[in-house]
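This report refers to the structure that appears directly beneath it.
The values are calculated or read from the model by the stated rules, or taken from the named source; none is laboratory data. Just so it is clear, the model here is predicted, and its values are computed rather than measured. Positions of Cβ are backbone-derived with ideal geometry, glycine not excepted, and every protein chain shown enters the neighbour counts.
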Amino acid sequence: MFETTIAGSLPKPSWLAEPEKLWPQWRLSGAELETAKRDATLLSLKEQEDAGIDIVTDGEQSRQHFVHGFLVNIEGIDFENKVEMGIRADRYKAMVPSVTGALRLKGRVHAAEARLARAHTKRKLKFTLPGPMTIADTIADRYYGDKVKMAMAFADLLNEEARALQADGVDVIQFDEPAFNVFMDEVTDWGIEALHRAAGGLACKTAVHICYGYGIKANIDWKQTLGGEWRQYEKIFPALAKSRIDQVSLECKNSRVPMNLLSLLAGKDVLVGVIDVATDRVETPDEVAALISEATKYLPKERVVACTNCGMAPMRRDVAMAKLVALAEGAKLARNRFA
Ligand code: ZN
């Protein structure tokens, strides 16, 4: 009961990449970079284990960004000439690559870090991939001329990689879809269908992570505009509840999401975000336990997994580590209370 996990990413050590940045520059190149990514992956596994996290990840140490990390080994994408694009309904601008031809995987994308992680931890291993709708919202299209068609093409590539990750011994494959609470109508029109296509044929657990984004300024400003209650999830949860995805990860700590919306996710494991990634203030185990208890008012307790609100990539490393400890200790406290 009340297993713990993280949304996916952890801060990178400063010898690997620029700290506290969402799109950091690598500090090294070539073979040295590959070795450094490997070392950082082992370190982040060890830190999660020592903190007491049950379902661990590679900390996304091998990718520069959660979306573009998947795109690097795909034919049909021009990475050389990045263009500025407003993403998440123009919430912020990003320099993005373009799709310039038919999409095809050149080979495995995440084999090295998945196999390394699998070989070095006995805990359950989760691996994250960007969801098709979020990819389609984070890349310029100069080939397909149709967002849905392009998203479905990405879904097929995600499926190819996801099946291979499963064969590598990954226990949970999570698709990150922060675009899901931006384009609510599209989620029910085609977003879930694209997700099913990405997760097709998988026997391991599947998850989708939705959220209100990292703790960067553009997101914090956006949240100010969403009003006293954030009800975006209300539009998409019923469709997610009917979907074939096993788990839903979402933001609860310091969010204005009414907790009773969780009851719309009947039948799903819910990765309840009990750790805020938008503030350096470290939660107390008591606060974590209280939010877990709150979630059990709306979900069967065996369906509640304690998680972070979102990825921790742009955070201070010491703060992130302290938050992992609070997460694990809070879940332990909640287990004791319910035992
Ligand atoms: Zn997130």
Every residue in the range 31-76 that is under 21 Å from Pro19 (Cβ atoms), modelled with pLDDT of 95 or more, in contact with a strand residue (DSSP E or B) (Cβ under 9 Å, 6 or more places away or on another chain) and small (Gly, Ala, Ser), please. Ala36, Ala40, Ser44, Ala51
Within the range 270-284, does at least one residue satisfy the condition of being farther than 25 Å from His65 by Cα and out of contact with any Cys (no Cβ under 7 Å at 6 or more places or on another chain)? yes
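Where in the range 147-234 are there helices (runs of 4 or more DSSP H), lying wholly inside it, with at least 2 residues that are modelled with pLDDT of 95 or more? Explain how you work it out, then say what you get.
On the way: elements: 147-167, 192-199, 217-224.
Per the criteria, 147-167, 192-199.
Sort out which residues of the range 27-49 are under 21 Å from the mean Cα position of the chain (by Cα) and not polar (S, T, N, Q), and write them in order of number. Break it down stepwise before answering.
Residues of the range 27-49 that are under 21 Å from the mean Cα position of the chain (by Cα), as a first pass: 37-38, 40-49.
Lys37, Arg38, Ala40, Leu42, Leu43, Leu45, Lys46, Glu47, Glu49 - these are the residues of the range 27-49 that are under 21 Å from the mean Cα position of the chain (by Cα) and not polar (S, T, N, Q).
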Give the range 281-321 a look and list any residue that's more than 15 Å from the ligand (Cβ to nearest atom), under 22 Å from Lys217 (Cα atoms) and not hydrophobic (A, V, I, L, M, F, W, C), or say none. Arg281, Glu283, Arg316, Arg317, Asp318
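Return the only residue of Arg244, Arg256 being assigned to a loop (DSSP other than H, G, I, E, B), modelled with pLDDT of 90 or more and surrounded by fewer than 22 Cβ atoms within 10 Å (Cβ to Cβ).
On the way: Arg256 fails: modelled with pLDDT of 90 or more.
After applying the criteria, what remains is Arg244.
Answer yes or no as to whether Arg335 is assigned to a helix (DSSP H, G or I) and among the basic types (Lys, Arg).
yes
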Give the number of residues within the range 1-17 that are more than 20 Å from the chain's Cα centre (by Cα) and either modelled with pLDDT of 95 or more or within 15 Å of the ligand (Cβ to nearest atom) (or both). 3
Count - residues of the range 207-256 that are more than 14 Å from the ligand (Cβ to nearest atom), acidic (Asp, Glu) and within 21 Å of Ile275 (Cα to Cα): 2
Pairs only if they're at least six apart or on different chains, beta carbon under 8 angstrom, first in the range 268-285 and under 19 Å from Thr128 (Cβ atoms), second acidic (Asp, Glu) and within 15 Å of the ligand (Cβ to nearest atom); list them, first residue then second. Gly273/Glu251
Filter the range 257-278 down to the residues that are under 22 Å from Asn219 (Cα atoms) and within 16 Å of the ligand (Cβ to nearest atom) and list them by number. Val257, Leu271, Val272, Gly273, Val274, Ile275, Asp276, Val277, Ala278
Any idea which of (1) touching a strand residue (DSSP E or B) at 6+ places or on another chain (Cβ under 9 Å); (2) within 16 Å of the ligand (Cβ to nearest atom); (3) of a type outside the set (S, T, N, Q); (4) more than 23 Å from Ser9 (Cα to Cα) is the one Val187 doesn't satisfy? (1)
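Scan Ala167, Ala162 and give me the residue that is among the aliphatic types (A, V, I, L, M) and surrounded by 20 or more Cβ atoms within 10 Å (Cβ to Cβ).
Details: Ala167 fails: surrounded by 20 or more Cβ atoms within 10 Å (Cβ to Cβ).
Step by step, each of Ala167, Ala162 is checked, and only Ala162 is among the aliphatic types (A, V, I, L, M) and surrounded by 20 or more Cβ atoms within 10 Å (Cβ to Cβ).
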Restricted to the range 172-184, and to residues that are more than 11 Å from the ligand (Cβ to nearest atom) and closer than 30 Å to Lys124 by Cα, which residue is nearest to the chain's Cα centre (by Cα)? Phe175
In the range 1-59, what residues are among the polar types (S, T, N, Q) and under 28 Å from Thr206 (Cα atoms)? Thr4, Thr5, Ser9, Thr41, Ser44, Gln48, Thr57
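Look at the range 284-298 and say how many of its residues are part of a loop (DSSP other than H, G, I, E, B) and either aromatic (Phe, Trp, Tyr) or closer than 18 Å to Asp54 by Cβ (or both). I'd like the intermediate steps shown before the answer.
Just the residues of the range 284-298 that are part of a loop (DSSP other than H, G, I, E, B), to begin with: 284, 296-298.
Going one step further and asking which of them are either aromatic (Phe, Trp, Tyr) or closer than 18 Å to Asp54 by Cβ (or both), we end up with 296, 298.
Total meeting the criteria: 2.
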Pairs under 6 Å by beta carbon, first residue of a type in the set (Val, Ile, Thr) in the range 311-339, partner part of a loop (DSSP other than H, G, I, E, B) and modelled with pLDDT of 95 or more, six or more apart or different chains? Val319/Asp280
I need the full set of residues from the range 138-170 which are under 23 Å from Gly86 (Cβ atoms) and of a type in the set (Asp, Glu), in order please. Asp141, Asp146
Residues located in the range 27-45, provided they are touching a helix residue (DSSP H, G or I) at 6+ places or on another chain (Cβ under 8 Å), among the hydrophobic types (A, V, I, L, M, F, W, C) and over 25 Å from Ile6 (Cα atoms): Leu28
